[in-house]
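First up is the structure itself, then whatever we jot down about it.
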Amino acid sequence: MRYHSRVISVEFLAFAGGTAAGFLGALVGIGGGVLLVPLLNGLMGLPFREATGVSLVSVLGTASSAAMAPAGRRLLNARLAILLLLFSVSGATIGGRLLTRFSEDTYKLIFGVTAVVVAAMMFVRLNRRNVRPIDSLDTGIFGGRVYDDDLKQEVAYRVKRLPLAMLVSFIAGVLASFIGIGGGILIVPVLNSLCGVPLRVAAATSVLMIGVTAVPSVAAHWAGGFLGDFHLAGMTTMGALIGFQIGQAAGPRAPVVWLKMIMAIILTVVAIQYLYFR
């Protein structure tokens, strides 16, 4: 009876974590690994590399759920996503080949440092916006026009520092294989803070990218024997599917500054866990 209760509690935690990850994925364009990996590794005791494998499967669930969401398709910058995918998938493939080269402590350190850098970036740019009146800007090849829920009007944006976005997408792909985050926690802040892309557009574009980028990462974890608990992966993925739909419904009502704040706080907590309590 005690064993049965423990199994139920583990399944519930996995499902709840997947739901929260999917919810965050809809709001800020992350695959949820930044929440799931610490939950699976720190709270549930799964080895770090197995936790990243389960997390990456849930990233696929988040991205699949996004494909069914019309709101995300309206905000998606498909041209930019396809270009950056060339770099993120290459990075994930290379990262997968190096997956067994480093120790588990090294991957935890990488996770913590990544969280610190991105959290700082989000805090610095907390109140800055990248949108302009629709008739005031030449959007260029990779820019666009979208409806801004905060301003209640259609706005325009232009992508800046495209080579930087390419480099960061490659790094995000490597990190997807190394630490199971999907790459969204790096891609979204950089697109928003340094490349001039509105947060909601960056989030929708990132969700498409992380799903494709996660495929070689999942394959590498499978081949390396780090994806053994399919039942746990299924529970987190089911939660991610449901959480993403809830997040999509809530997204237009959430002010952009609060979305940035939520993401920065989560990253700060994760950084403290992996840098000070390893």
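The values are calculated or read from the model by the stated rules, or taken from the named source; none is laboratory data. Keep in mind the model is a prediction, meaning the values are calculated, not measured. Counting neighbours? That spans all protein chains shown, and the Cβs are built from the backbone with ideal geometry, glycine included.
Points to keep in mind about this one:
- Residue match in segment 194-203 (condition: within 25 Å of L109 (Cα to Cα), touching a residue at least 60 places away in the same chain (Cβ under 8 Å) and not aliphatic (A, V, I, L, M)): no
- Extreme residue, surrounded by the fewest Cβ atoms within 10 Å (Cβ to Cβ), among residues of segment 23-35 that are modelled with pLDDT under 80 and in a helix (DSSP H, G or I): L27
- Checked against (1) of a type in the set (V, I, T); (2) out of contact with any Phe, Trp or Tyr (no Cβ under 7 Å at 6 or more places or on another chain); (3) crowded, with 24+ Cβ neighbours inside 10 Å, V215 passes all but condition (3).
- Elements of type helices (runs of 4 or more DSSP H) in segment 147-231, at least 2 residues being farther than 24 Å from L241 by Cβ and more than 13 Å from the chain's Cα centre (by Cα): 162-179, 184-193
- Total residues in segment 226-262 satisfying the condition of being closer than 27 Å to S9 by Cα and either at pLDDT below 75 or not small (G, A, S) (or both): the figure is 17.
- In segment 246-264, the count of residues that are in contact with a Lys or Arg (Cβ under 8 Å, 6 or more places away or on another chain), crowded, with 21+ Cβ neighbours inside 10 Å and not in a helix (DSSP H, G or I) is zero.
- Filter pass, A92 being at pLDDT below 75 and part of a helix (DSSP H, G or I): no
- Selected residue (criterion: surrounded by the most Cβ atoms within 10 Å (Cβ to Cβ)) from residues of segment 147-182 that are among the small types (G, A, S) and at pLDDT 75 or above: A176
- Flag if L39 is under 19 Å from A115 (Cα atoms), in contact with a His (Cβ under 7 Å, 6 or more places away or on another chain) and modelled with pLDDT of 75 or more: no
- Odd one out for P47, checked against (1) at pLDDT below 75; (2) surrounded by fewer than 18 Cβ atoms within 10 Å (Cβ to Cβ): (1)
- Residues located in segment 126-146, provided they are in a loop (DSSP other than H, G, I, E, B), of a type outside the set (A, V, I, L, M) and modelled with pLDDT under 65: N127, R128, R129, N130, D135, S136
- Test set (1) of a type in the set (A, V, I, L, M); (2) within 23 Å of A16 (Cβ to Cβ); (3) out of contact with any helix residue (DSSP H, G or I) (no Cβ under 6 Å at 6 or more places or on another chain) - V215 fails condition number: (2)
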